[in-house]
Amino acid sequence: MPYFSRDGRNLFFTDSAGQGAPLLLLHGLGSQGTDWQPQFDKLQGEFRVLTLDFPGHGNSDICAGPVSMKTLAEDALALLDHLGIARAHVAGLSLGGMVAFQLLASSAERLHSLTVINSGPGMASGRWRLQLVVALRTLLIRGFGLKTLAKRIAPKLFPRADQQPLREKFLQSIAAADEQTYLKILRAIGNFNVWREVAGSPVAVLILTADRDYTPVSYKAAYAATLGNARLSVIENSGHASPMDRPEQCNAQIRAFLREHAKRTEKPLESANYI
């Protein structure tokens, strides 16, 4: 199994080892890299597709210390360094989208483009609502456990009867997550905000938002307007986990965007500047 080490932790990743431009897929909270399988399978023929399990998720070690979006972004950069990749396209869902925005704020020189799915750079206003959700979920987890929370979330993510396999896969992924790491990342989500730092960025950003996501399309349109090179696209009849419940639409949008911005040749790192 492919691992690399960072700060004494072993982090799991997958690498299609293709010849195209590198594309790093970052999963959501309680998920894992294998949940990107519909994208990995369909895009690997054209791009070098990578996935990363965040700490305490999937097959990666837990993070014993504090966790912030910067911690997770540095893990993503460490994977690129491990593979000798100077710049990559990055796509992130939910938590993964926040990590992608952190990369845009602190390490834009490492990015070819961003694809952000049902996520954002934080809350410019009404932040108390997010912090309330974080507090309520924290209480539920501490009182009844992560699996209880998962059972409450799964029907909201995948409400249709024919989505039972997706509900089961979600429950399997979250069962593999470390509860304490989950709580640390949940706290980091409540504190996250890089809205000002990414404003006006020239990096190309594709913002995919489901019409039935937790946050409204208007929220994504508001932050998209502050970016320097962003476009917004709505995925219809989809919930928060669009890459799983609408894989064909997501794949088509990602592929078209990457074809527009992909650079076919990627030079290896020529110095230790990124290490």
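A compact table of results
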item	result
Over region 38-119, volume per residue of the alpha carbon convex hull, in Å³	106 Å³
Longest segment of the chain lacking GluC sites (Glu not before Pro) that sit in a DSSP loop with at most 12 other Cβ atoms within 10 Å	1-235
For region 176-262: rounded, prolate or oblate by the Cα gyration tensor [a/c cutoff 1.5]	oblate
Positive-pole candidate from ALA252, ALA78, ALA105, dipole of the chain, charges at beta carbon	ALA105
The chain, relative contact order [Cα under 8 Å, separation at least 6], %	21 percent
Gap separating the Cα centres of region 24-57 and region 107-159, nearest whole Å	18 Å
Stokes-Einstein D (µm²/s) once Rh is taken as the Kirkwood radius of the chain over alpha-carbon pairs, at 37 °C in 0.692 mPa s	176 µm²/s
Global form of region 107-178, assessed from the alpha-carbon gyration tensor, a/c cut-off 1.5	oblate
P(r), alpha carbons of region 36-184 - 10 Å bins starting at zero, rounded %	10, 34, 39, 17, 1
Within straight-line cross-link reach of LYS70, aspartates and glutamates at Cα separation under 17 Å, skipping those fewer than 8 residues along the same chain	ASP7, ASP53, ASP81, GLU109, GLU197
Over the chain: helical MRE at 222 nm, DSSP H runs n ≥ 4 each giving -39500 (n - 2.57), nearest 500	-13000 deg cm²/dmol
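Each reported figure results from applying straightforward, stated rules to the coordinates on display, with no laboratory input. Small disclaimer: the values here were computed from a predicted structure and weren't measured. Methodologically, a virtual Cβ is constructed for each residue, glycine included, from the backbone with ideal geometry; neighbour enumeration extends over all protein chains shown.
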